[in-house]
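> There's a structure below that I have some questions on.
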Amino acid sequence: MSTKPEYAKTWLLHHANEPVVDGSTWHSDQGKGRLFCRTLLPEDAVLEKVGGPGKEFLADGVNYAIDQGPSEAIRKRGDNTKPIKYDEVPELMGRWRMEVRPGEPRTEDVFLHLIQVGAQTLEEMCPATFDAGEGRVTVGFATTGPISGHIRIAAGGQEVVDRPLTTSVMPQSGITGSD
């Protein structure tokens, strides 16, 4: 939400390697893995692929070198650091990104993305409503008010699960067996 529609709102996801875009869905590979992302909201989303050689850290028309910004300020402060020089920007520094913006200026926008990860053998992304074993899974999220959601799982013509998603964090002690 913004007080003025002209205040830009952008959702972004960094990628190690160049994303392949197909409509509102894209994927990128790194190592043996593949990441898919599909923009579900805003419905009028505009997707832009940004990056590549000489544009890895492009912002407002300027590609900021790795040794500028915070690392430059640390050197100026007198810390014993040296400029970072690379022949090629390492993958894990996020050489590419996808930027998602609303198609029209508004004061309120909701961004919703479905992200799926797997091996590079994964050829396409699952649909937003998907099958899991014998069940059909549907998950919904609130777009206003408190954070909330709902899950439904139907199997064999019956609702197996039909309940709100939890709004609390599960206790973390004891889950690994070594706590």
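Nothing in this text is a laboratory measurement; each read-out follows from the coordinates by a stated rule. Bear in mind the structure is a predicted one, so any value in this text is a computation, not a measurement. Neighbour counts run over all protein chains shown; Cβ positions are idealised from the backbone, glycine included.
> Counting Lys and Arg as +1 and Asp and Glu as -1, what is the net charge of the other residues whose Cβ lies under 13 Å from the Cβ of ALA16?
After counting each charged neighbour, the total is -1.
> Run lengths n ≥ 4 of DSSP H only: what is the helix-derived mean residue ellipticity at 222 nm for the chain, with -39500 (n - 2.57) per run over all residues, to the nearest 500?
Mean residue ellipticity, 222 nm, calculated: -1000 deg cm²/dmol.
> Now a separate question. Sort ASP60, ASP109, ASP162 so that the residue with the fewest other Cβ atoms within 10 Å of its own Cβ comes first and the one with the most comes last.
The most exposed by this proxy come first: ASP60, ASP162, ASP109.
> Still on this structure: Counting other C-beta atoms within 10 Å, which of LYS55, LYS9 has the fewest, and how do the rest follow?
Values: LYS55 11, LYS9 17.
Starting with the residue having the fewest Cβ neighbours, the order is LYS55, LYS9.
> Which ³J(HN,Hα) values in Hz, rounded to whole numbers, follow from the phi angles of the range 129-137 under the Karplus curve 6.51 cos²θ - 1.76 cosθ + 1.60, where θ = phi - 60° and Gly and Pro get x?
Values per residue, Gly and Pro as x: 9, 9, 9, 10, x, 8, x, 9, 10 Hz.
> Computed from the coordinates I sent, mean projected area of the Cα convex hull in nm² equals one of (i) 15.4; (ii) 16.5; (iii) 12.4. Tell me the label.
Recomputing mean projected area of the Cα convex hull in nm² here gives the entry labelled (ii).
> Using Cβ counts within 10 Å as a stand-in for footprinting exposure, how do VAL89, VAL161 rank, fewest first?
With the fewest neighbours first, VAL89, VAL161 line up as VAL161, VAL89.
> Could you list the residues of the range 25-46 with an amide nitrogen less than 14 Å from a label point located 7 Å from the Cα of LEU112 in the Cα-to-C-beta direction?
Answer for this model: 38-45.
> Looking only at GLU48, GLU134, GLU124, which one moves most when the chain is put into a Gaussian network model with springs between Cα atoms under 10 Å?
It is GLU134.
> Between the range 123-174 and the range 1-58, how many Å separate their Cα centres?
A separation of 25 Å, based on Cα centres.
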